[in-house]
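Everything below concerns the one structure shown next.
The values are calculated or read from the model by the stated rules, or taken from the named source; none is laboratory data. Note that the structure is predicted; figures quoted are calculated from it, not measured. Glycine gets a Cβ as well: all are built from the backbone with ideal geometry, and neighbour counts include every protein chain shown.
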Amino acid sequence: MGRPAKMTDTDVLDVTYELIWQRGCDDVTIRDLEDALELRAPSIYRRFGSRDQLLAAAIDRYVERVVQARITRFLDEANDPIQGIREFFLSVVKVPAGAASAPGCLLTTTSQQSARDAPAIGAAVGRGFELIEVAFRRTLDRAVGQGRTFVAPTPEVARTLSQSFQGVLVLARCGFDQLDVSVNHTLDALLMSHRPSPNLTQGASSP
């Protein structure tokens, strides 16, 4: 009988990020990792250097598979950039069938735990947050170019969107309801209040 296939590094990272997404980095021990990965600690250390480095690499993998996929779907591929931003927010407040609350975001959860103080883990979380903020900025620039919004300067608005998004994720994971209403009010205030009114536009063009 042949030997069972060895888990690739990608397999290890996929299992690890699912584990820490469910439990949080602070509550995942090396023993938990051994059990979930069916690997002994020396093998884990040999392949990834340390527990913190494994968790950091798993967070990077989560960003690659989950966060980037959502950015591509809702922001980069949206015909209407403003509606794309709205859908990006609203998608995280939806509660899956049978769940008590939305699953939240691994980046947001980790940022609130002591694991964030580990240099490797903190750097991975920071890379994920930066990716989201840059995507917001890119989408806002596209919206301005299409005349769908008049926000300026976009870097500051993108930072505000990123911070608001993290707050929504925390509240969604805590089970707050009617977040869709709050999200829509917030985005209207941030993105639509800068649009010149038709009366002002007509007045400016009058002789």
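What the table below lists for this structure:
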item: Identity of the residue in the range 21-55, of a type in the set (S, T, N, Q) and within 21 Å of residue 114 (Cβ to Cβ), that ends up surrounded by the most Cβ atoms within 10 Å (Cβ to Cβ); result: 53
item: Residue check, residue 142 among the charged types (D, E, K, R), closer than 27 Å to residue 29 by Cα and surrounded by 13 or more Cβ atoms within 10 Å (Cβ to Cβ); result: no
item: Pairs with Cβ under 6 Å, 6+ apart, first in the range 183-200 and under 14 Å from residue 158 (Cα atoms), second hydroxyl-bearing (Ser, Thr, Tyr) and modelled with pLDDT of 50 or more; result: 186/164; 191/149
item: Verdict on residue 93 being more than 15 Å from residue 177 (Cα to Cα) and buried (at least 19 other Cβ atoms within 10 Å of the Cβ); result: no
item: Members of the range 6-24 that are in contact with a helix residue (DSSP H, G or I) (Cβ under 6 Å, 6 or more places away or on another chain) and modelled with pLDDT under 95; result: 21, 24
item: Enumerated helices (runs of 4 or more DSSP H) restricted to the range 1-67, each holding at least 3 residues that are under 30 Å from residue 174 (Cα atoms) and hydrophobic (A, V, I, L, M, F, W, C); result: 9-23, 30-37, 51-62
item: Residues (buried (at least 17 other Cβ atoms within 10 Å of the Cβ) and among the β-branched types (Val, Ile, Thr)) located in the range 164-194; result: 168, 183, 186
item: Residue within the range 91-110 that is within 20 Å of residue 158 (Cβ to Cβ), without any contact (Cβ under 8 Å) to a residue 24 or more places away in the chain, in contact with a helix residue (DSSP H, G or I) (Cβ under 9 Å, 6 or more places away or on another chain) and in a loop (DSSP other than H, G, I, E, B) present; result: yes
